[in-house]
Amino acid sequence: MSTMSCSSSLSLTGTQTVPPPRRPAAPLVLHQSISRRRRSAVITSAVSTDVETDAPAKEKPASVVGDMERGTLAEESGRSDGQLTSRWREIHGSTNWEGLLDPIDTVLRGELIRYGEFAQACYDSFDYDRFSRYCGTCRYPPKTFFADVGLAGVGYEVTRYLYATSHVHLPNFSIAKHNPLDDRMWSETATFIGFVAVSSDAETARIGRRDIAVAWRGTVTKLEWVEDVSAFLEPIGRYGIPCEDPRVKVEAGFADLYTGKDPACKYCKYSAREQVLAEVRKLVELYAGKQGEEVSVTVTGHSLGSALAMLSAFDIAETGANMSPTADVKAPVCVYSFSGPRVGNTWFGERFEKELGIKALRILNVHDMVPKVPGIFTEAFYPMWLLRLADALGLPSVYSHIGVLLALDHEVSPFLKRTFDLASYHNLEAHLHLLDGYNGRGREFKLGGRDPALVNKAADFLKDDHMVPPGWRQDLNKGMVRTEDGKWTLPHRPRDVEEHPDDTELHLAQLGLLAAHAVDPAT
């Protein structure tokens with residue numbers, strides 16, 4: 001690939017910050033022989049059907065969208081207060097969401113939208129302007145992050161930003177910045193890719209436990225995931241993740257990004273993996289160990305971020321970062337994945353779900369191509385026993401999805417137009433719109449209060465008669481301001497880019513990821 005600008009970074013496309021092209025994207029031909037597909041193990045679907053429902057329209061459940069403030073979009077009706085306190089384990093996947101998807105449980109839908117907006121916030125806060133000396137950072141400081149992205153009442157506080165760096169298997173992940181020789185640049189290699197947050201005291205009381213949320217974003221390119229994904233498998237143990245079973249394999253490109261680091265850069269001298277493990281361990285010990293609270297770990301992401309969510313959830317459970325050594329308790333780990341690709345082979349899924357006990361709910365649009373890759377031998381075409389045999393024989397490109405599937409269909413929404421723009425199918429805001437209106441298979445699509453205008457934040461997906469401009473979310477004058485002498489310039493921002501906490505190595509050492517003598521426990 002050629003070197004890309006800041007607005008065209010690598011890998012799976014999140015397509016959240018760059019307006020879609022005016023002309024339709026070139027169609028992709030992947031697994032055209034749909035007639036050869038075996039019946040999918042879909043738990044439920046919002047795909048249009050002829051199934052009749054006995055429930056009249058007035059009895060259909062209302063959407064839960066009032067669990068968080070959304071700026072001027074705050075909704076007061078349908079709040080789940082009083083339900084999450086007693087039901088959080090069920091909503092977190094303790095029963096694999098049995099009976100909660102068709103029709104959809106309104107409390108679960110509210111939680112899915114909440115965590116989906118966490119992933120969306122990673123896009124909305126990302127500085128992708130290659131002319132900015134802060135290109136690749138988060139635009140906002142952690143203390144005001146949620147207020148700055150329009151989620152002021154969400155009830156969570158960011159405790160750490162997560163940074164990733166490029167790797168030989170993922171060239172051009174690091175964005176081409178304005179002037180590599182400008183020593184005023186915050187970093188040439190580090191890129192903001194997510195955050196760790198924890199529920200406030202008030203929110204903890206409402207949702208029934210102290211929740212540690214980890215959110216990952218995808219990239220900001222347009223459909224380059226097809227040629228960019230490094231679709232070959234490697235044993236996960238080769239990346240330092242303490243799984244002794246060599247049969248457990250993951251896609252190499254995702255693992256490289258997750259574990260890559262640059263010792264010369266203070267922001268990515270620790271890998272994204274080390275950053276998230278240290279922070280989760282720190283928070284679990286603080287709230288479960290020292291304060292004796294019930295704690296959960298919820299990981300979410302979109303596109304490439306979904307792959308990182310699956311990897312990091314596996315790693316958190318495998319390394320024991322979700323365990324408190326002083327209280328001898330283990331926080332349950334759950335993944336809410338949005339439009340994610342396959343991450344590993346059948347043995348990865350087996351250990352993820354059955355041995356480590358991680359719960360995963362995958363939300364996707366059936367027309368989106370990203371969840372259909374990578375893999376030649378996959379669950380979409382072959383039964384699991386045959387995939388296991390292919391794995392045992394060492395055949396290449398054997399992949400399998402993980403978790404419970406909630407399949408949505410954008411053609412059900414009366415707000416969305418017919419388009420050949422594959423990036424729109426993949427758009428996260430479109431997924432959240434579909435969730436808001438989804439009631440169950442064969443049931444009426446009925447919005448619960450989330451503004452459909454958000455779909456066009458970085459897309460051109462709404463029907464024109466709604467009069468919402470495509471790609472409308474952008475800075476006034478692209479961030480340029482006029483100075484007192486009448487000149488236009490990009491303003492300076494306070495140097496509030498967060499460095500790594502001083503106790504990072506301490507928590508990594510406690511997890512066995514660093515030599516014990518490398519850290520002074522007294523610190």
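Of all beta bridges DSSP finds with both residues in the range 338-474, what is the antiparallel percent, to the nearest 5? Given both bridge residues lie in the range 338-474, the antiparallel proportion sits at roughly 20 percent.
Spin-label pair Cys265-Asn477: with each label point 7 Å from Cα along the Cα-Cβ axis, the two points sit 3.1 nm from one another. Per the Kirkwood formula applied to alpha carbons, the range 362-401 shows a radius of gyration over Rh ratio, Rg over Rh, of 1.02. Expressed as a whole percent, the accessible surface of the range 273-319 that belongs to carbon and sulfur atoms is 40, based on a 1.4 Å probe. Annotation: peptides 408-414, 132-138, ranked by per-residue average of other Cβ atoms within 10 Å with the highest first, follow the order 132-138, 408-414. In angstrom, the C-alpha Rg and Dmax of the range 395-483 are 16.9, 63.
On a per residue basis, the range 307-433 carries 31 Å² of accessible surface, using protein heavy atoms and a 1.4 Å probe. Here the range 292-405 is treated with +1 on each Lys and Arg Cβ and -1 on each Asp and Glu Cβ, and its dipole about the Cα centre works out to around 340 debye. Relative to its residue count, the range 369-428 spans a Cα convex hull of 111 Å³ per residue. The HN-Hα couplings worked out from phi for the range 298-305 by the Karplus form 6.51 cos²θ - 1.76 cosθ + 1.60 (θ = phi - 60°) are 10, 10, 9, x, 10, 6, 3, x Hz, whole numbers, x standing for Gly and Pro.
The values are calculated or read from the model by the stated rules, or taken from the named source; none is laboratory data. The model shown is predicted, which means the values in this text are computed figures rather than measured ones. Cβ: placed from backbone, ideal geometry, glycine included. Neighbour counts: every protein chain shown. What goes into the accessible areas is simple: the full protein's heavy atoms, side chains included, and nothing from ligands, DNA or RNA. Shrake-Rupley method; radii C 1.70, N 1.55, O 1.52, S 1.80 Å.
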